[in-house]
Amino acid sequence: MQITRLSSDSHEDVIRVRNDATGLTGFIAIHSTQLGPAAGGLRMRAYDSEESAINDVLRLSHGMTFKNAAAGLPLGGGKAVIMGDPATKTPEMLRAFARAIDGLQGRYWTAEDMGMSPEDMAVLAGVTPYVAGLADGEFASGDPSPVTARGIFNAIRCTAKHRFGSADLTGRRVAVQGLGHVGWYLAEMLHAAGARLIVADMEAGRCTRAADVFGAEVVPVDRILEMEADILAPCAIGGILNKASIAGLKVGAVAGGANNQLATPADGDRLHARGILYAPDYVANAGGIVNVATEILRIKDRPAFVADKLAEAEATLDAILSGAVARGVSPHRLADEVVLSRMQGKAA
């Protein structure tokens, strides 16, 4: 196996992991350990180049630093990615990657993310102890997706309160982009709350099921960002809010589960200029890492810890949205201020 350290001015450590025998090429990025060991999931995607994979892992690990700080967790930010179709992964490939994680000696903890499952985490855990999101064990927290979805649902209600004057979602049109684990759980909660759903996903079967179960309106993936709705809930890949897509949005607010929804910080300002209220993604989608943190931190009363942290995240978002209105700035600018203040040990 080949471990190569890559230079980075923005991260503490970035490594390339290659194992030709298993077809493995992956990357681990540690953005910051200022608040504690870096924590962030492992995802597998069919990236079109190593450059794309590196850019993704750098953006995601940076986002995890902010997410963990915003959630009030004593954890830093890190992330890992493996290049390739998730359908092609093998236990041997995962074990090879686990050896690279183990070599970091606890500076980075991994967990489930896109293209991975609790069963995959169990394979990793057979090689290294620095794995969370396990289905079995004393502190096992299992699939973090339901908790992630609960936090996003709370964020949507909070955002609706600020944008429309009421947290009641009855009759609200919500466009959900992506019906993976998190998106599906979120759709369930939104439907139960009386929202009318518009959905899109790369897998047609998920959309068909959403139409049957939720009475959702199904649209092609390339049209979901153009649909007229009250709230857009991005729950797929990041970077979807850019100059072009923002110009075509027909929504009053954006609150979803995807990481790094803004292509650039300037895109948050573009949303603000258009009067579209944006719930900063790393505040809205912190539920998953909160759930995972119970394993890393060895929390015995997981339900109470998770409930407290979800309530804290909602209160943080509420304060950010209120403060942004008072100051006339985009919420993402104020959210960054809150996080940096916490990282500097100041009261936010």
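The values are calculated or read from the model by the stated rules, or taken from the named source; none is laboratory data. Everything numeric here is computed off the predicted structure, so don't read it as measured data. Note that we place each Cβ from the backbone using ideal geometry, even for glycine, and neighbour counts take in every protein chain shown.
Only one of the listed residues (GLU112, GLU50) is of a type in the set (Asp, Glu), at pLDDT 95 or above and in contact with a strand residue (DSSP E or B) (Cβ under 9 Å, 6 or more places away or on another chain). That residue is GLU50. Examine segment 233-241 for a residue that is free of Cβ contacts under 8 Å to residues at least 60 places away in the same chain and surrounded by fewer than 13 Cβ atoms within 10 Å (Cβ to Cβ), and state whether such a residue exists. No; the residues of segment 233-241 include none that is free of Cβ contacts under 8 Å to residues at least 60 places away in the same chain and surrounded by fewer than 13 Cβ atoms within 10 Å (Cβ to Cβ).
Per this entry, MET189 is not counted among residues that are crowded, with 22+ Cβ neighbours inside 10 Å, within 27 Å of ILE296 (Cβ to Cβ) and in contact with a Lys or Arg (Cβ under 9 Å, 6 or more places away or on another chain). Among the residues making up segment 69-98, a single one is at pLDDT below 95 and at positive phi: GLY72. Looking across segment 19-42, the residues that are more than 21 Å from PRO129 (Cβ to Cβ) and surrounded by 18 or more Cβ atoms within 10 Å (Cβ to Cβ) come down to THR25, PHE27, HIS31, SER32. Applying the criterion of being of a type in the set (A, V, I, L, M) and without any contact (Cβ under 8 Å) to a residue 60 or more places away in the chain to the residues of segment 85-120, the residue that is nearest to LEU179 (Cα to Cα) is ALA87.
Whether any residue in segment 17-38 is within 18 Å of ALA258 (Cα to Cα) and in contact with a Gly (Cβ under 7 Å, 6 or more places away or on another chain) is what I want to check. The answer is no, given that none of the residues of segment 17-38 is within 18 Å of ALA258 (Cα to Cα) and in contact with a Gly (Cβ under 7 Å, 6 or more places away or on another chain). With the structure loaded, tell me whether LYS79 is crowded, with 20+ Cβ neighbours inside 10 Å, of a type in the set (Lys, Arg), closer than 25 Å to THR294 by Cβ and in contact with a Leu (Cβ under 7 Å, 6 or more places away or on another chain) or whether it fails that test. Criteria met by LYS79. Looking at segment 58-175, the helices (runs of 4 or more DSSP H) lying wholly inside it that each contain 1 or more residues that are of a type in the set (Lys, Arg) and not assigned by TED's automatic domain parsing to the domain that holds ILE224 sit at 91-102.
Residues of segment 256-270 include at least one that is assigned by TED's automatic domain parsing to the domain that holds ALA324 and under 18 Å from LYS161 (Cα atoms). For segment 144-168, the set of residues classified as within 11 Å of VAL292 (Cα to Cα) and surrounded by fewer than 18 Cβ atoms within 10 Å (Cβ to Cβ) is empty. Of ALA29, ALA53, ALA21, all but one fail to be touching a residue at least 12 places away in the same chain (Cβ under 8 Å) and assigned to a helix (DSSP H, G or I); the exception is ALA53. Listed by first and then second residue, the pairs with beta-carbon distance under 9 Å, at least 6 apart or on different chains, first residue in segment 217-231 and assigned by TED's automatic domain parsing to the domain that holds LEU241 and of a type in the set (Lys, Arg), second crowded, with 21+ Cβ neighbours inside 10 Å and modelled with pLDDT of 95 or more, are ARG223/ALA200.
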